[in-house]
Amino acid sequence: MKTVLIEMLAFALLCVFGTAAGGFLIMLYHGVASFVAGSQMNTLSAEAFLSGMIAAFPVLLLFVPMFLLLTLIRHPRYNKILGSATIAVLSMSAWFFLAPISFKISQERNFFAAQSSNDLTPGYFRNINGSLYYFTFASGNYVSGIRVKNDYFSSDKTDNAIRILDSGYLNFKRDAYGFSDPIVGENLTPPPVLQNFLKGIATITVHAAKASSQGIVKWLIFSSIMAALVSVGAVISASEWKLADAFYITFDTFVILTLNCFYLLGRFDTFVQALENFGSLGLLAKNNFQLAINCAAMLFLILLGTVKAVVHARKRMESEQ
């Protein structure tokens, strides 16, 4: 009972402080992304913080099982079976009932999506749409200055490479990462590994928000991702080493997220289409492939955890004899 109460408290604290931390980071990121060189930076915004918390909550829920399972590994005196079951019930309940509310509120507020690019400032060289610009005047999308094509310094064809702009229209908006100023974006663009991670999380949350608004059946099918994530608890004692157990929990979590992300990005489309050739069972798997992925992951983890538990029990019996 002590383990159940501790995990319930840990779950509540992790959700509260984790959501607050996520909101704070999103607020800072939005402030930096909205910054334009030569203007004043404003990173603190109550509205951005609140919107960030709402957006961060479903993302946090995807990693809550992993974090809490790692605490069970850290404290061996806790009952791992009760602890894992408590984590599973709390995580599934929060994901199924609270995540749709978060998605709905986030879409209604639409705070970040509604933000337009700030006016660029004159006096700086910027790479925009494949050309180098220097503005002497900028107001909205109308600018004055010069435009130099990027191949000007490496090509012999310099005709029309430089163009004088006089209140010309420039179609410029925030880039893919939300930066208003190309100078800022060039220096703060995330490294490739972090880009892929953020893209994967964004893909999962976007499709989750869509599934949550398409009825309970669609949401139940999509929620199989959380069922797979909590099933990682089955291998919490797969090894006699804590470090190995922590590795299994972390690795399995990211594998499940990656498989779901690849499916949502269409990486398995060729294989999914080929399932039509395997009769009615293949057609059923094709129409519910994400569910099939997550169920397969759950069965594999539960089977592996059971086998490991039997092996460890046999070793203990042999050592006692």
Starting from residues that are farther than 18 Å from residue 182 by Cβ and aliphatic (A, V, I, L, M), keep the ones in segment 134-170 and report whichever is modelled with the highest pLDDT. 164
Number of the condition not met by residue 219 [criteria: (1) assigned to a helix (DSSP H, G or I); (2) under 23 Å from residue 304 (Cβ atoms); (3) of a type outside the set (Gly, Ala, Ser)]: (2)
Out of the residues in segment 287-321 meeting the condition of being within 24 Å of residue 253 (Cα to Cα) and modelled with pLDDT under 85, tell me which one is least open to solvent (accessible area, probe 1.4 Å). 312
State which residue pairs qualify: first residue open to solvent by less than 90 Å² (accessible area, probe 1.4 Å) and inside segment 205-219, second residue among the charged types (D, E, K, R) in any location, beta carbons under 7 Å apart, and separation of 6 or more residues or different chains. 211/218
Residues satisfying the stated conditions in segment 184-198, i.e. surrounded by 14 or more Cβ atoms within 10 Å (Cβ to Cβ) and within 15 Å of the chain's Cα centre (by Cα): 197
Candidate set from segment 160-178 (those that are closer than 22 Å to residue 146 by Cα and part of a loop (DSSP other than H, G, I, E, B)); member that is most open to solvent (accessible area, probe 1.4 Å): 173
Taking only segment 12-64 into account, find how many residues are open to solvent by less than 50 Å² (accessible area, probe 1.4 Å), within 21 Å of residue 188 (Cα to Cα) and aromatic (Phe, Trp, Tyr). 1
Log entry, pairs with first residue in segment 231-247 being of a type outside the set (Val, Ile, Thr), second being open to solvent by less than 20 Å² (accessible area, probe 1.4 Å) and not in a helix (DSSP H, G or I), beta carbons closer than 8 Å, six or more apart or on different chains, reads 244/238; 245/236; 245/238
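Restricting segment 256-294 to residues that are of a type in the set (S, T, N, Q) and free of Cβ contacts under 8 Å to residues at least 40 places away in the same chain, which is nearest to residue 229 (Cα to Cα)?
287
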From the list 284, 264, 257, which one is of a type outside the set (S, T, N, Q), open to solvent by 60 Å² or more (accessible area, probe 1.4 Å) and either touching a helix residue (DSSP H, G or I) at 6+ places or on another chain (Cβ under 9 Å) or farther than 23 Å from residue 59 by Cβ (or both)? 284
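Quick one: which of 234, 274, 238, 244 is of a type in the set (A, V, I, L, M), surrounded by 14 or more Cβ atoms within 10 Å (Cβ to Cβ) and in a helix (DSSP H, G or I)?
Details: 274 fails: surrounded by 14 or more Cβ atoms within 10 Å (Cβ to Cβ); 238 fails: in a helix (DSSP H, G or I); 244 fails: surrounded by 14 or more Cβ atoms within 10 Å (Cβ to Cβ).
Of the residues listed, the single one that is of a type in the set (A, V, I, L, M), surrounded by 14 or more Cβ atoms within 10 Å (Cβ to Cβ) and in a helix (DSSP H, G or I) is 234.
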Breaking point among (1) of a type outside the set (A, V, I, L, M); (2) modelled with pLDDT of 95 or more; (3) open to solvent by less than 20 Å² (accessible area, probe 1.4 Å), for residue 67: (3)
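The values are calculated or read from the model by the stated rules, or taken from the named source; none is laboratory data. Remember, predicted model here, so these are calculated numbers, not experimental data. Positions of Cβ are generated from backbone atoms using ideal geometry, with glycine treated the same way; all protein chains shown enter the neighbour counts. What goes into the accessible areas is simple: the full protein's heavy atoms, side chains included, and nothing from ligands, DNA or RNA. Shrake-Rupley method; radii C 1.70, N 1.55, O 1.52, S 1.80 Å.
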